[in-house]
Each structure stands twice: as structure tokens, then as C-alpha cells.
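Okay, structure first, notes after.
Rule-based calculations on the coordinates, nothing more; no lab input. Just so you know, these numbers come straight off a predicted model, no measurement behind them. Ideal geometry is used to build each Cβ from the backbone, glycine not excepted, and the neighbour counts take in all protein chains shown.
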Amino acid sequence: MRIPSGYGPRLSGAGGFETFSWYFFRISGVALIFLALIHIFLNHVATDVSCTSYQLVAMRYTNPFWRLYDWLLLTLALLHGMNGLRVVIDDYVRSRGWQLTLQSVAGLVTLTYFMLGTITLITFQTAGALGPGCLR
Amino acid sequence: MYRGQSGMWSWLLHRITGLGVLLFLLIHVVDIGLLNFGSKVYNEGISLFGTAAVRVLSMALIGGLLYHSFNGVRIILIDFWPKGARYQGVMFAIVMALTIVSFLPMAYFVMGPVFGWPTGNLRGGA
């Protein structure tokens, strides 16, 4: 009955990147359930998505908590999702050369998006941005 | 034992919803990146999310995210709860039920403004 299926505990060879990846999926996944669902609730239920504006973001970001929140969501979602893509590429791409090529592209995309998101979150200026809008 | 049963469908759905949410994330980081170009550019770009067509896509995203969340908990229970594997089929049914039950009110709020349903979340007018 002990057939590796991707589900269930790893059978042998504990340690190494795949074991780390296995734990990372689960730990980041639990955190993301809260981070992502609260994020959706805030932007689609608490205020309608049409209220989202530069001014609303500015108001939120006067509190550094939301920058940290969004940065955690960005980082964990990106690593969780791109690690998932890595597994999918390994599953469907047979040629070693193509695997290496696609994994490298995925790695570069991860790094680029992480930097773009982080720079946006850090450099956004709230001063002077506050004006009328859908403010609470 | 596996092909065509709940274990296969839950796995396939988990993979498809995961890739779908990832695709949205890659778009979303770019649209948030519009903040770097000032309030006019950002507000014009983000206003797309208020259109009926993108609201329908948002519903797909939310449905996928809810499934992926609940099924993720199911996977963790299969891994760490000793009886998890035995109840995986039952848990899949619970995952589907929770997904649908939590999706419906979300869909109401997302589509409400298109149909003029009361949502009480348009404070100050858009």
C-alpha cells in the first residue's frame, strides 16, 4: 500500500529540497488560507472592488501593518504558486533540456515578480495621495 | 483504485485551481505595479475590476481559491490525521459542500453591483 502518490508522508530519504518543499506547501498553505481569504473579503465584500483606488490604497498604507500583510501575501503566494508550477513542469515535461529551460524561466519569473511586488509595496508614497473617494 | 474516483478528481481540481490562481497572481502583481505610475494610471487600470466581465472572472478566481483552500486542508488531514486517508472520500464531499456554500454569498457580493442588489459596501459612491 505504500506507493508514492504525492500525497501522504514521504516514504524515505528524508531531508533535501523535496522534503522542504513538501513542508513549505503545507505551512505556507495554512497561512495563505487566512491571508488570501481575508484579502478577498476586504476587497470584494467589506468594500466593493469598484471602490479600490489609489486613494484607498494610500489610506490603508498609512498603517505599515497592511504593507507587511500584503508583502507576506505576495511572498508566500508567489513561492507557493511557483513551487506548484515547478512540480507541474516536472510532471509533464519529459525532456531534461526543456525541464531545465522551463525551470530557469520559472525561477526568473519568480525573482522578477518578487522584486516588482516588493518595490511597489515599499516605495508607494501615501503623503498627498489622500483625497475624496470611497474612503471609510 | 484511483483513476476516475474522487481521489483523481480532487487532485486534478487542486492542480487546475492552483494554476488558475497563480495566473491571476501574476496579473495582479502587475496591476498593483501600476501604483508606481501615479494615481491616474492606477485608477484607470484598476477600474477594469469593476466591469461585469472581470467580475465574472473574479467569481471564477474566488471559487477556485475556496476549493484550493478547503482541499488543501483535506490534504493536510490526509497527511497528518491517522484516519485521514480512510475518510478522504467523505472529506472530498465536505470540501465540495463548503466550497459551494461559501461561494454563493461571495458571488452575491461580487455580482451585486452589476444587478443593483443591495450589498452595502459602496460607501461614498464609486
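When each of A:Y69, A:Y23 is scored by the number of other beta-carbon atoms lying within 10 Å, the sequence from fewest to most is A:Y23, A:Y69.
Could you check which residue among B:Y42, B:Y108, B:Y67 shows the biggest mean-square fluctuation in a GNM of chain B with a 10 Å Cα cutoff? Looking only at B:Y42, B:Y108, B:Y67, the biggest GNM fluctuation is shown by B:Y42.
Label-to-label distance, B:I76 versus A:F65, with points set 7 angstrom from Cα along the beta-carbon direction: 2.2 nm. As a ratio to 2.2 N^0.38 Å, the alpha-carbon radius of gyration for region B:6-112 is 1.32. Helix screen, chain B: DSSP H segments with Cα axial length of 30 Å or more and mean Kyte-Doolittle hydropathy at least 0.0 are B:6-33, B:52-80, B:88-115.
Note on region A:17-128: semi-axes of the ellipsoid equivalent to its C-alpha gyration tensor, largest first and rounded to whole Å, are 32, 16, 12.
D by Stokes-Einstein for region B:62-121, Kirkwood Rh over Cα pairs, 37 °C, 0.692 mPa s: 255 µm²/s. Here each label is just a point 7 Å from Cα along the line to Cβ, and for A:S21 and B:A52 those points are 4.4 nm apart. Backbone geometry of region A:101-111 corresponds, through the Karplus equation with coefficients 6.51, -1.76 and 1.60 at θ = phi - 60°, to 3J(HN,Hα) couplings of 4, 5, 5, 5, 4, 4, x, 5, 4, 4, 5 Hz, x marking Gly and Pro. Highest average first, the peptides A:52-59, A:106-113, B:14-21, B:92-99 ordered by how many other beta carbon atoms sit within 10 Å of their residues are A:52-59, B:14-21, B:92-99, A:106-113.
Pop out the Kirkwood hydrodynamic radius of the protein assembly as shown from its pairwise C-alpha distances, inverse of mean 1/r, in Å to one decimal. Every distinct Cα pair counted, the radius reaches 20.1 Å. Taken one residue at a time, the phi angles of region A:44-54 give Karplus couplings (6.51, -1.76, 1.60, θ = phi - 60°) of 10, 10, 4, 10, 5, 4, 6, 7, 5, 8, 3 Hz. Gly and Pro are set to x.
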